[in-house]
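Comments concern the structure below.
The values are calculated or read from the model by the stated rules, or taken from the named source; none is laboratory data. All values derive from a computational prediction rather than experimental measurement. Backbone-built Cβ (ideal geometry, glycine too); neighbour counts: all protein chains shown. Note: accessible area is taken over every heavy atom of the protein model, side chains too, but ligands, DNA and RNA are not part of it. Shrake-Rupley method; radii C 1.70, N 1.55, O 1.52, S 1.80 Å.
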2 protein chains.
Amino acid sequence: MTTQELVSQIKKKKSFLCIGLDVDLEKIPQHLLEKEDPIFEFNKAIIDATNHLAVAYKPNTAFYEAYGIKGWQALQKTVDYLNKNYPEIYTIADAKRGDIGNTSTRYAKAFFEDLNFDSITVAPYMGKDSVEPFLAFSEKHTILLALTSNEGAFDFQTKKVNEQELYKTVLETSKTWKNSENLMYVVGATKAEFFTEIRKIVPKSFLLVPGVGAQGGNLQEVCKYGLNENIGLLINSARGIIYASAEENFAETAAEKAVELQQQMETIIAEM
Amino acid sequence: MTTQELVSQIKKKKSFLCIGLDVDLEKIPQHLLEKEDPIFEFNKAIIDATNHLAVAYKPNTAFYEAYGIKGWQALQKTVDYLNKNYPEIYTIADAKRGDIGNTSTRYAKAFFEDLNFDSITVAPYMGKDSVEPFLAFSEKHTILLALTSNEGAFDFQTKKVNEQELYKTVLETSKTWKNSENLMYVVGATKAEFFTEIRKIVPKSFLLVPGVGAQGGNLQEVCKYGLNENIGLLINSARGIIYASAEENFAETAAEKAVELQQQMETIIAEM
């Protein structure tokens, strides 16, 4: 999917909500466990109930790998279901991959071609030749970890490298890579004040923002400093939506939580 | 497996060779493609022919993910085969994972419990709480990326952070994490001179060294600066061994290449 198609969808739905599909069999409604593929059934119900409110879905691969082969089958079925039934939806494999050149190419093919995701999250530590194989795919996005929403972000990401923080060095350096127009960045919502600095370096890029809700980030604050003329933000919420209820009507409850966020976003867009 | 068991195996076999199982269906002997699971058949033949020469095997997960469900099945069968038939062998999932706390726990369970690997490679960018969930597993090792063997290593890893290079900051910081005795580090062989500096910070840790052979690293140089009293090195070779021949007798040829490295290692150990 092109950036422009994503922007069109955002404007049409008046939403820049991304829903994290981080499926934990201990947290989903227990009646689903009787089904042949409880993970997929859960995702399908959430997607069917919320697709008009969200522009993107983001399964975190760790939750699927944890269930082995069955988990991978559920992941594949989920992205196939999205691509077939809701082709306008933007899909993100939250995989945080990254390896040397020929190996990154393998990961890129796995997620972009075989699974047919629109984008994947990638870790920057191994530098240019670990990321460019992902960037080589046109109409696909590579979402580079810049400033994450966890406590450990302060261990290295905010340390000064030649007078500026490492995450800023990552942002600036990545702009020089081939096909860098296919980059987006992960920026945690727990540090809204950082968005001003980030927007100076990447004014036009989309930022994927985890950490609104469960991790303490504030939607209004993030938008105040992070929005750009194309919106430029994808706000991810997982637990706050998908686990809002574990009753039979869990999908309806999830949609109610998603509406709350979508309506806040609609107001924010209207005030731009 | 404990560190001491690994050291015992090294001393017994007079080898600190790790063989990288990076299976590419375009490079393996073509007669294997007729088998039901060509990836596993290839690995099995390589393992059966080389297990007396190597102390560890390291499948890179990217090569398996690239083949989807079938790839994951082949990975699972490979590690099961190693654990059942050669329980003394040390297994490394070269997965370069890392995510926020509860998500890293998922990855740790997937690789340590379900797949039953002895160790996994992990990326440091997200800091302490992304790595400690792996370290919590006793008798398992977490192999942290420090200084990788690719060109992109110079983009961030060797940049100065508060007067010392980022990879040194990663090494020093990681020593303060809980259960840090379960850490090993990835250090690329293409930069042998760096080993002196690295050994000042982590004198006792095992280092996993890719890049000998195909990527240009030199075994003698690495050992000169990297060995410690427990050997402390696992030297990985993949392409130079597993793709030495694509004929019917590929496994024998692989063993010949492995013997060459093992004999060099035996000489180096004898001279210690």
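So, in the range B:144-160, how many residues would count as being more than 9 Å from every other protein chain (Cβ to nearest Cβ) and either among the hydroxyl-bearing types (Ser, Thr, Tyr) or over 21 Å from the mean Cα position of the chain (by Cα) (or both)?
So the count comes out to 1.
Do the conditions hold for A:Glu221, that is, is it within 13 Å of chain B (Cβ to nearest Cβ), without any contact (Cβ under 8 Å) to a residue 60 or more places away in the chain, assigned to a helix (DSSP H, G or I) and surrounded by fewer than 22 Cβ atoms within 10 Å (Cβ to Cβ)?
no
Considering each residue of the range B:161-213, count those that are within 11 Å of chain A (Cβ to nearest Cβ), under 17 Å from B:Gly127 (Cβ atoms), assigned to a loop (DSSP other than H, G, I, E, B) and not β-branched (Val, Ile, Thr), and give that number.
Residues that pass the stated criteria total 2.
Can you say whether A:Ile241 is of a type in the set (Val, Ile, Thr), within 25 Å of A:Asp118 (Cβ to Cβ) and part of a strand (DSSP E or B), as far as the supplied structure shows?
Judged against the criteria, A:Ile241 is not a match.
Please go through the range B:128-143 and pick out each residue that is open to solvent by less than 10 Å² (accessible area, probe 1.4 Å) and at the interface with chain A (Cβ under 10 Å from one of its Cβ atoms).
If the condition is that a residue be open to solvent by less than 10 Å² (accessible area, probe 1.4 Å) and at the interface with chain A (Cβ under 10 Å from one of its Cβ atoms), then B:Ser130, B:Val131 are the ones that fit.
Taking only pairs six or more apart or across chains, which ones have beta-carbon atoms under 7 Å, a first residue in the range A:138-157 that is touching a residue at least 40 places away in the same chain (Cβ under 8 Å) and outside any loop (DSSP other than H, G, I, E, B), and a second residue that is open to solvent by 20 Å² or more (accessible area, probe 1.4 Å) and not hydrophobic (A, V, I, L, M, F, W, C)?
Once the first residue is touching a residue at least 40 places away in the same chain (Cβ under 8 Å) and outside any loop (DSSP other than H, G, I, E, B) and sits in the range A:138-157, its partners that are open to solvent by 20 Å² or more (accessible area, probe 1.4 Å) and not hydrophobic (A, V, I, L, M, F, W, C) give A:His141/A:Asn182; A:Thr142/A:Asn182.
What is the residue count in the range A:103-121 for residues that are touching a Ser or Thr at 6+ places or on another chain (Cβ under 6 Å) and either more than 10 Å from chain B (Cβ to nearest Cβ) or surrounded by fewer than 22 Cβ atoms within 10 Å (Cβ to Cβ) (or both)?
2
Could you figure out which of (1) more than 14 Å from every other protein chain (Cβ to nearest Cβ); (2) crowded, with 18+ Cβ neighbours inside 10 Å; (3) under 23 Å from A:Lys70 (Cα atoms) isn't true of B:Pro29?
All conditions pass for B:Pro29, except number (3).
What residue, of B:Gln4, B:Gln9, is open to solvent by 50 Å² or more (accessible area, probe 1.4 Å), part of a helix (DSSP H, G or I) and within 25 Å of B:Met184 (Cα to Cα)?
Criteria check complete, one pass: B:Gln4.
Among the numbered conditions (1) more than 14 Å from chain B (Cβ to nearest Cβ); (2) over 19 Å from the mean Cα position of the chain (by Cα), tell me where A:Asp37 comes up short.
Result: A:Asp37 passes all but (1).
Taking only the range B:240-272 into account, find how many residues are open to solvent by less than 50 Å² (accessible area, probe 1.4 Å), under 21 Å from B:Lys12 (Cβ atoms) and out of contact with any helix residue (DSSP H, G or I) (no Cβ under 6 Å at 6 or more places or on another chain).
5
What is the residue count in the range A:193-209 for residues that are open to solvent by 10 Å² or more (accessible area, probe 1.4 Å), in contact (Cβ under 8 Å) with a residue 12 or more places away in the chain and more than 17 Å from the chain's Cα centre (by Cα)?
8
Just to be sure, is B:Leu25 without any contact (Cβ under 8 Å) to a residue 60 or more places away in the chain and outside any helix (DSSP H, G or I)?
So B:Leu25 passes the test.
What is the one condition in (1) among the small types (Gly, Ala, Ser); (2) assigned to a helix (DSSP H, G or I); (3) at pLDDT below 95 that B:Ala110 does not satisfy?
(3)
Do we find that B:Tyr125 is within 10 Å of chain A (Cβ to nearest Cβ), of a type in the set (Ser, Thr, Tyr) and assigned to a loop (DSSP other than H, G, I, E, B) in this structure?
Spelling it out, B:Tyr125 is indeed within 10 Å of chain A (Cβ to nearest Cβ), of a type in the set (Ser, Thr, Tyr) and assigned to a loop (DSSP other than H, G, I, E, B).
Restricting to the range A:51-101, give me the number of residues that are of a type in the set (Asp, Glu), within 14 Å of another protein chain (Cβ to nearest Cβ), open to solvent by 10 Å² or more (accessible area, probe 1.4 Å) and assigned to a loop (DSSP other than H, G, I, E, B).
0
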